[in-house]
Each structure stands twice: as structure tokens, then as C-alpha cells.
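Q: For reference, the structure I am asking about is given below.
The values are calculated or read from the model by the stated rules, or taken from the named source; none is laboratory data. Keep in mind it's a predicted model, so treat the numbers as computed, not measured. Neighbour counts run over all protein chains shown; Cβ positions are idealised from the backbone, glycine included.
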Amino acid sequence: MPPMRDRPLALTMGDPAGIGLDISLAVWMNRQTWRTPPFLLIGDPAALTDRARLLGHDVAIRETDCEGAIDTFEQALPVLPLTCTAAVTPCQPDSANAGAITGAIETAVRLTMEGTASAIVTNPIAKSVLYDAGFRFPGHTEFLADIGERLTGEKLLPIMMLAGPKLMAVPVTIHIPLKDVPAQLTPDLIYRTCAITVRDLRDRFGLASPRVAVAGLNPHAGENGALGLEDDAVIRPVIERLRAEGVDITGPLPADTMFHDRARATYDVAICMYHDQALIPAKALGFDDSVNVTLGLPFIRTSPDHGTAFTLAGKGIARADSLLAALTMAQQLGRNASKGKS
Ligand SMILES: NC(=O)c1ccc[n+]([C@@H]2O[C@H](COP(=O)([O-])OP(=O)(O)OC[C@H]3O[C@@H](n4cnc5c(N)ncnc54)[C@H](O)[C@@H]3O)[C@@H](O)[C@H]2O)c1
Ligand SMILES: N[C@H](C(=O)O)[C@H](O)COP(=O)(O)O
């Protein structure tokens, strides 16, 4: 197995009708000024070549495997080839390409688990396009955990964290309808989410004793039960248990007042009860530079925080900052992991 510094990041193509190909080209073309970590793109080389041509980019694209990616990266954009079933047209997603899209993700996990790639970075997928083809996972987060479980035999709880320079936020429940949130917020789920987050912030991000702030579910964290019972009955006992176990943790806090500048200075990570409670502040405070990172997996996975932005594909106006941040974070987490092992 090559040392971590000699392994490329495995970058999946995402939905090829979206901006994933545009921003992958951008981070490679600007590799010297942006200090882009070396990656191997797992995707359709014909679609990538077409997108480069459409955007007017003169880009060398070279098919290779993981072992050849690092040496290739300075001269050409390295691609581990797979073929899309249907023709790729920007802004016109096609469920017929679902197999290629998910196949790229499976390959990235395999390469990372076998130690030829250092970490996985995923370009955005459109969930509804995959659902139409029978994809049964809410998103990458749960799909990656399923692949990890199949490869390791271990039961995994994947945790979504949006991480930017101004805020790190974790939703306890992820892609479920809002009406289902209260029933899914069990003490066990909240406890395990907090515990895995603390463990990974310590072991992967190098925070010796992460300060955790937990949001309530209801307005004003329930207002002593007048505006909802979950805050005191479900969330507070978990916080007390974690505090008794030595975790630096506060809450349940009213969510409306925990994201302003002075409040954020008091904690390292916000644990939120549902998707938008975490992702609205995360994207409002750092849409261009936040990263979606999955905790609780036996490998490192990051992603830009944005989606497929279909209407921007092939137009040359999609920003690549968040993908660059995702690649840079994945490289850093890989280095931290290899230091931990030495
Ligand atoms: N990591 C992922 O795979 C991921 C993340 C979020 C959303 N999605 C999927 O993406 C699809 C579209 O979702 P959405 O419209 O809610 O979110 P989106 O992030 O694709 O777009 C939201 C808005 O931000 C703009 N935008 C997004 N990325 C941009 C970039 N790099 N540069 C400039 N502008 C950008 C878009 O044009 C749009 O106005 C959905 O199917 C969703 O499931 C996937
Ligand atoms: N919830 C994420 C977001 O809105 O940024 C996004 O849908 C990505 O989810 P996966 O990483 O699970 O695909």
C-alpha cells in the first residue's frame, strides 16, 4: 500500500448533467495557483471531454488507474474511465445514467478501502434522478454507510456535518419529511450522533476536547414545556448523560439565537435536530466555502456543500470554491489519519 501522501483522492463525477464536470475541470486547470490536491476523477472521459470543449477549455485528459494518478496530475487530468449509458447533455439529467453515477461512488469506496486512494470526494448527485432508477438511499451519506457495512460487516451510523470557517453543524435527522422528525429523534439517535461527532472531531480533526452546543427542537427550546415537550423530555437527558461522561456540552439551546457571531464563538460544533436547522445557517454563513463531510465511516468522505445546479452546467459560471475546500479538507483529514497511525 503506498504511503498516504502518494495516494490520490478519489473524486466521483456526480450527475454528469450537473456542474460536477465543470468544477472538476476548474480545480484541475487552476491546480498550481489553487494548490489543488491531486485527485483521480472516476467518470466518463467522453462526457468530460465534451464539457471541456463546450466551456472552451483546452484540457489534457488521460485515462489511468489510481497508481498512475499522482504522476499524471501535473500534465493531464487523470480519469478512471466508466461509461454513461445515455448521452450526457448539460441540464438534462437522465436516470439511465444512474448506474454510472452510483458505480463511480462504489469504485471510490473500494479504492479508498483497499488503500490505493486516500479519501473520497463526491461531486453532487440529484437524488430524484437516482430515485427514478430505483436508488433506495436518501443520499450519498446513507449509501456510503451501506457500502461500508457490506465491506466491513460492521453496523455504521453515518453522520452528516457541514463544516465551514464560520460554523460546523450536524443534523441528527437528515433527509426525512419534517413531520417525521419528532418521532425519529430518539435519545439513542441523539446520543450516538453526539458521541460519534465528538470522537471524529477529536480523532480526525485534532480538536482535543470539542465544545458541543445542542439545539432544541421547538421554538425557545420548548419554553419549559409550553411550546413542546421534546426539548426537556428527550434532548436534555442525553446532554446530561454526555456531560456526566466528560463531554463539554451545552443545551438544549433555542435554535434562533445560537448561530450569531458571539454565540458561535462559544462552541466548536452545533448539533441540530433536523436538516434545515443545520444547513440553513451553514449555507447562509459559508455557501462558497463549506464542505459536507461524513463522520462515522471507516473512510474519509467529503463533498461540496451545494447540489447539481443543473441550470449552470456547461455555462462556465459555477464556482469551484466548495469543491476545492472539499478536496483540501479530505487531504488534510487523510494526513491527520496517517499521523495518528505513525
Ligand atoms: N452533495 C450532493 O450530492 C448534493 C448536495 C445538495 C443538493 N443536492 C441535489 O442537487 C439538486 C439541486 O438542489 P438545489 O437546487 O436545492 O441546490 P443547489 O445547490 O444545486 O442550487 C442552489 C442554488 O445555488 C446555486 N449554486 C449551486 N452551486 C453553485 C456553484 N458551485 N456556483 C454557483 N452557484 C451555485 C444554484 O444555481 C441555485 O441557485 C437536488 O436534486 C439535490 O438533491 C446534492
Ligand atoms: N443535505 C445535503 C445538502 O443539502 O447539502 C445534500 O443533499 C447532500 O447529501 P448527501 O451527501 O447525503 O448526498
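Q: Please go through the range 298-307 and give me each residue that is of a type outside the set (D, E, K, R), within 10 Å of ligand 2 (Cβ to nearest atom) and either in a strand (DSSP E or B) or more than 23 Å from VAL27 (Cβ to Cβ) (or both), ordered by number. Steps first, please.
A: Just the residues of the range 298-307 that are of a type outside the set (D, E, K, R), to begin with: 298-300, 302-304, 306-307.
Subset that is within 10 Å of ligand 2 (Cβ to nearest atom): 302-304, 306-307.
Listed by number, the residues that qualify are THR302, SER303, PRO304.
Yes/no matrix, rows are residues, columns are (1) hydroxyl-bearing (Ser, Thr, Tyr); (2) away from ligand 1 (no atom under 16 Å from the Cβ); (3) under 17 Å from MET168 (Cα atoms); (4) without any contact (Cβ under 8 Å) to a residue 60 or more places away in the chain:
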residue	(1), (2), (3), (4)
ASP200	no, yes, yes, no
GLU240	no, yes, no, yes
ALA282	no, no, yes, no
LEU297	no, no, no, no
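Q: Could you please find all residues in the range 252-297 being assigned to a strand (DSSP E or B), under 19 Å from GLN184 (Cα atoms) and not hydrophobic (A, V, I, L, M, F, W, C)?
A: PRO252
Q: Condition check: modelled with pLDDT under 95 and either surrounded by 16 or more Cβ atoms within 10 Å (Cβ to Cβ) or polar (S, T, N, Q) (or both). Does SER118 satisfy that?
A: Here the answer is no, as SER118 does not meet what is asked.
Q: Let me ask something else about it. Which members of the range 160-194 meet the condition of being buried (at least 16 other Cβ atoms within 10 Å of the Cβ), over 20 Å from ASP232 (Cβ atoms) and either of a type in the set (A, V, I, L, M) or more than 16 Å from ligand 2 (Cβ to nearest atom) (or both)?
A: MET160, MET161, LEU162, ALA163, LEU167, MET168, ALA169, VAL170, ILE174, ARG192
Condition check ((1) over 15 Å from LEU21 (Cβ atoms); (2) touching a residue at least 24 places away in the same chain (Cβ under 8 Å); (3) aromatic (Phe, Trp, Tyr)) across all residues:
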position: ILE271; (1), (2), (3): yes, yes, no
position: TYR274; (1), (2), (3): yes, yes, yes
position: GLY286; (1), (2), (3): yes, yes, no
position: SER290; (1), (2), (3): yes, yes, no
position: ALA309; (1), (2), (3): no, yes, no
position: ILE317; (1), (2), (3): no, no, no
position: ASP321; (1), (2), (3): yes, yes, no
position: THR328; (1), (2), (3): yes, yes, no
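Q: What residue, among those in the range 137-162 that are more than 15 Å from ligand 1 (Cβ to nearest atom) and in a loop (DSSP other than H, G, I, E, B), is farthest from the chain's Cα centre (by Cα)?
A: GLY153
Q: Would you mind listing the helices (runs of 4 or more DSSP H) fully within the range 1-99 where at least 1 residues are surrounded by fewer than 18 Cβ atoms within 10 Å (Cβ to Cβ), on the phi > 0 side of the Ramachandran plot and β-branched (Val, Ile, Thr)? Walk me through it before giving the result.
A: Working: elements: 20-29, 31-34, 45-55, 66-73.
Qualifying helices (runs of 4 or more DSSP H): none found.
Q: Looking at the range 317-342, which of its residues are at pLDDT below 95 and not in a helix (DSSP H, G or I)?
A: First, the residues of the range 317-342 that are at pLDDT below 95: 334-342.
Passing the criteria: only SER342.
Q: Let me ask you something else. For ALA195, which of the numbered conditions (1) within 24 Å of ALA309 (Cβ to Cβ); (2) over 13 Å from the mean Cα position of the chain (by Cα); (3) of a type outside the set (Ser, Thr, Tyr) fails to hold?
A: (1) is the only condition that ALA195 fails.
Q: With respect to THR116, is the statement that it is more than 15 Å from ligand 1 (Cβ to nearest atom) and in the same structural domain as CYS66 (by TED's automatic domain parsing) true? Let's see the steps before the verdict.
A: Values: more than 15 Å from ligand 1 (Cβ to nearest atom): yes; in the same structural domain as CYS66 (by TED's automatic domain parsing): yes.
Answer is yes for this residue.
Q: Quick test of your reading of the structure: ILE105 fulfils all but one of (1) in a helix (DSSP H, G or I); (2) within 12 Å of ligand 1 (Cβ to nearest atom); (3) without any contact (Cβ under 8 Å) to a residue 60 or more places away in the chain. Name the failing condition by number.
A: Unmet condition: (3).
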